[in-house]
2 protein chains.
Amino acid sequence: MKNLHHPSREDISIFGILYALSEPVRFSIIEQLANGTELTCGAFKLPSTKGKSTMTHHFKVLRDSGLIFTRVDGREHYTSLRRAEIEERFPQLLDILLQAWQTSTEDVREQTLRVV
Amino acid sequence: MKNLHHPSREDISIFGILYALSEPVRFSIIEQLANGTELTCGAFKLPSTKGKSTMTHHFKVLRDSGLIFTRVDGREHYTSLRRAEIEERFPQLLDILLQAWQTSTEDVREQTLRVV
């Protein structure tokens, strides 16, 4: 099993979160986890044009920022949002960001969410 | 007078805003404008270690994201926050982000706000 790094709650930085979410595909990953679900990599609706290494990088940026937790079980990776910890550290931030995403233009959302 | 580009309110993207604010010096610039003031470049409290071209770049990223407006008068640049427009496009976003910045560790804030 790979030893994946997850920052402690105290080490979660607002700048790391903002950088992680400044990329539409990464924001889309967080949106899909927002209801508290845990997803395998294959269960995400993601752009078909992105290669595996790009997606691995996106998940790493999200994990390093403290936004997601990756649980490894055998060869499968299960990803969830560290919602309670983020909420405790930065109250309301995730809700307001998700709301801002919803109010973004349909054009942007369609570009981002074009699925396989 | 240089013709500086400012995106229209409709073209302000949540991703551009998040990217612009993912850099501590840029976030600090926004914090200093949050009370509605208009500042000349020399009036900002900014790290003394940053060169002029770096700062010019930071202001350009903020302007391109739609966060700031730059008014040119002779050789002076006056910068203000496009607060009403951002609020209209993404309600509460700026307030929550500024609050998250406030709750960041003193260490990070001290590193960022070390002044000349």
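See the values below:
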| item | result |
| --- | --- |
| In region B:29-44, the residues that are closer than 16 Å to B:Asp73 by Cβ and of a type in the set (D, E, K, R) | B:Glu38 |
| Members of region B:1-55 that are among the hydroxyl-bearing types (Ser, Thr, Tyr), more than 14 Å from chain A (Cβ to nearest Cβ) and either in contact with a Lys or Arg (Cβ under 8 Å, 6 or more places away or on another chain) or farther than 20 Å from B:Ala84 by Cβ (or both) | B:Thr40, B:Ser48, B:Thr49, B:Ser53, B:Thr54 |
| Among (1) surrounded by fewer than 19 Cβ atoms within 10 Å (Cβ to Cβ); (2) within 12 Å of the chain's Cα centre (by Cα) - the single one A:Arg26 does not satisfy | (1) |
| Residue in region B:39-49 that is crowded, with 19+ Cβ neighbours inside 10 Å, modelled with pLDDT under 95 and within 13 Å of the chain's Cα centre (by Cα) present | yes |
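The values are calculated or read from the model by the stated rules, or taken from the named source; none is laboratory data. Keep in mind that what you see is a predicted model, and the values were worked out from it rather than measured. Neighbour counts are summed over all protein chains in view; Cβ atoms, including those assigned to glycine, are modelled from backbone coordinates with ideal geometry.
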